[in-house]
Amino acid sequence: MSSKFGPAIHFCRKTPVSKSVRNWIEKQYIPLKSNPGFPILSRGECFSTPPKLLSYAKRAIHHHSNYSSPPPAPGRLIQPITLTHRQLSTAWQSHQKAEPSIASSVDDDMKDIFIRIRQELSGREPDLCEVASYYFDGQGKAIRPMLAILMARAVNAHLRGEGSGSELLPGQKQLALVSEMIHTATLVHDDVIDRSDKRRGKPSVNALFGQRKSIVGGDYVLAKAGAMVARLDNNAVTEIFAQVLEDLVHGEFMQMGANEEKTERFAHYIGKTFNKTASLMAYSCKGVAILGGADENLVDKAFQYGKHLGIAFQLVDDLLDFISSTDAMGKPVAADLQLGLATAPVLFAAQKFPELNSLIERRFSEAGDVVKALDWVHKSDGLEETKFLAQKYCVEAVRYANNFKSSPFQKELVSLTEKVLNRTK
């Protein structure tokens with residue numbers, strides 16, 4: 001495949017990318033100034049190469065028989081350069097070893113997150129505290145507080161410069177705690193609703209303590225989070241976190257009653273994804289920007305970054321539900337199908353296999369429905385299309401991150417999109 005942005009690299013493969021995926025690459029893909037490189041195609045996936053990976057890829061290209069020197073002039077259409085799976089795998093492994101942790105500059109801000117949350121949850125009822133604190137064991141991804149802290153420090157550096165000007169404000173740190181508490185409370189309630197027996201590779205809270213105690217424990221975490229927001233004494237921040245709770249409830253009801261017309265399913269899915277996942281991330285970014293003293297324009301940029309990253313995060317999560325092992329995810333594979341939920345891979349697959357629509361309508365409730373749906377998803381471009389859609393949202397997130405002045409934290413907001421897109425659990 002040619003690219004007007006330079007050479008395209010792809011793995012050797014037998015199956016061509018779908019027409020819609022190819023159109024998206026050719027017409028909508030925009031290389032990011034902050035993340036230079038050229039498109040890499042891997043099983044239908046396209047992403048911009050980070051600088052260090054680019055250097056490794058160039059070395060591999062240099063010794064490849066299809067490489068022509070000197071390189072073509074910018075904008076000239078050329079033939080694709082094909083690298084073997086091993087060549088790019090080696091390059092990627094080298095890149096991973098060379099790249100520092102993207103959260104390195106906020107490690108100090110993150111190290112006491114779970115200790116402080118457990119302190120907030122301590123009280124007069126030891127049994128209640130035990131239930132409420134069960135998931136705050138440091139085993140989660142903690143991407144929400146990390147996102148809030150990165151955004152806070154990027155905003156502070158933008159407004160007051162690096163160094164002491166970018167230091168995290170106490171209120172911003174408190175909102176980072178709140179974001180993780182609200183997220184975890186929803187996990188508790190989700191596990192009760194879904195009757196899950198496992199979370200993060202260990203017994204779920206409801207399996208260990210029972211449904212009644214788990215519901216009360218989740219409520220207690222939300223109540224404590226609300227009290228922490230109130231202590232900030234900022235009406236705008238209080239209002240946006242009330243909106244988060246409203247969105248979460250709406251999202252859960254959208255998921256419970258997802259029986260819309262097939263032409264409306266994807267819009268319904270994206271709306272539900274915003275409410276259940278992206279809203280908390282978006283409003284956390286908005287909240288720390290407000291507390292940092294940002295103007296309305298910068299506050300909106302922070303919100304939009306969190307929104308697009310959050311939707312991408314959930315798209316990847318729905319993708320991993322089909323391709324990751326139970327050990328990696330800490331929950332059963334195809335768990336969403338077993339719950340009757342049609343996520344992006346299924347909705348994309350239904351475009352190629354219309355027979356899926358009847359299974360979606362009955363929420364995969366008949367014997368053999370889950371197995372059939374799994375088979376159709378893997379025979380279609382559903383997984384590739386989902387990854388590409390996540391990539392598109394990440395590209396948009398980076399576009400908003402580039403509105404902040406350059407700083408280590410702004411750069412890590414950009415890097416975070418790559419981590420979200422390429423995570424394996």
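Any read-out appearing in this document is the output of simple, stated calculations on the displayed coordinates, not a laboratory observation. Keep in mind it's a predicted model, so treat the numbers as computed, not measured. Positions of Cβ are backbone-derived with ideal geometry, glycine not excepted, and every protein chain shown enters the neighbour counts.
What's the exposure ranking of CYS285, CYS394, going from fewest to most Cβ atoms within 10 Å?
Working: CYS285 31, CYS394 28.
So the residues, fewest neighbours to most, are CYS394, CYS285.
Taking N as the number of residues in region 104-422, what is its Cα Rg relative to 2.2 N^0.38 Å?
On the way: Rg = 19.8 Å, N = 319, 2.2 N^0.38 = 19.7 Å.
Its radius of gyration relative to the 2.2 N^0.38 Å reference: 1.00.
For ARG231, ARG200, ARG153, ARG265, what's the fewest-to-most ordering of other Cβ within 10 Å of each Cβ?
Details: ARG231 10, ARG200 16, ARG153 28, ARG265 19.
Result, fewest neighbours first: ARG231, ARG200, ARG265, ARG153.
Would you pull out the residues with amide H under 5 Å of LYS198's amide H, same chain only if 5 or more places away, H placed 1.01 Å from N?
Here SER204 satisfy the definition.
Pairs of alpha-carbon atoms within less than 8 angstrom and 6+ residues apart define the contacts here; what relative contact order does region 104-422 have, in percent?
Details: 434 pairs, mean separation 61.1, N = 319.
Result for region 104-422 is 19 percent.
Using only alpha carbon pairs under 8 Å that are at least six residues apart, calculate the relative contact order of region 256-402 and give it in whole percent. Show your work: numbers first, answer last.
Working: 166 pairs, mean separation 39.8, N = 147.
Averaging sequence separation for qualifying contacts and normalising by length gives 27 percent for region 256-402.
Could you pull out every one of the aspartates and glutamates with an alpha carbon less than 16 Å from that of LYS173, ignoring same-chain neighbours closer than 8 positions?
Qualifying aspartates and glutamates at Cα under 16 Å: ASP107, ASP108, ASP109, ASP112, GLU120, ASP233.
Could you tell me the relative contact order of region 135-223? Use alpha-carbon pairs under 8 Å, at least six residues apart, and round to a whole percent. Spell out each step's value before the answer.
Working: 82 pairs, mean separation 22.9, N = 89.
Over region 135-223, the number comes to 26 percent.
Can you work out the Karplus-derived ³J(HN,Hα) for every residue in region 302-310? Use 6.51 cos²θ - 1.76 cosθ + 1.60 with θ = phi - 60°, whole Hz, and x for glycine or proline.
Coupling constants for region 302-310: 5, 4, 5, 4, x, 4, 5, 5, x Hz.
Calculate the tail of P(r) for region 154-244: the fraction of all Cα-Cα distances greater than 18 Å, expressed in %. Please list the in-between numbers first.
Numbers: 2280 of 4095 pairs.
For region 154-244, the fraction of Cα-Cα distances above 18 Å is 56 percent.
Given +1 on the Cβ of Lys and Arg, -1 on the Cβ of Asp and Glu, and no further charges, what dipole in debye does region 104-422 carry about its Cα centre, rounded to the nearest 20?
On the way: 37 positive and 44 negative charges, 79 e Å.
Using Cβ point charges on Lys, Arg, Asp and Glu, region 104-422 gives about 380 debye.
Can you give the net charge of the other residues whose Cβ lies under 14 Å from the Cβ of LYS213, counting K and R as +1 and D and E as -1? Numbers along the way, then the final one.
Numbers: positive: ARG212; negative: GLU125, ASP127, GLU130, ASP191, ASP219.
Net local charge, LYS213 excluded: -4.
To make sure I understand, if each residue's beta carbon is the centre and we count other beta carbons within 10 Å, what order do SER324, SER284 fall in, fewest to most?
On the way: SER324 17, SER284 32.
Ranked by crowding around the Cβ, least crowded first: SER324, SER284.
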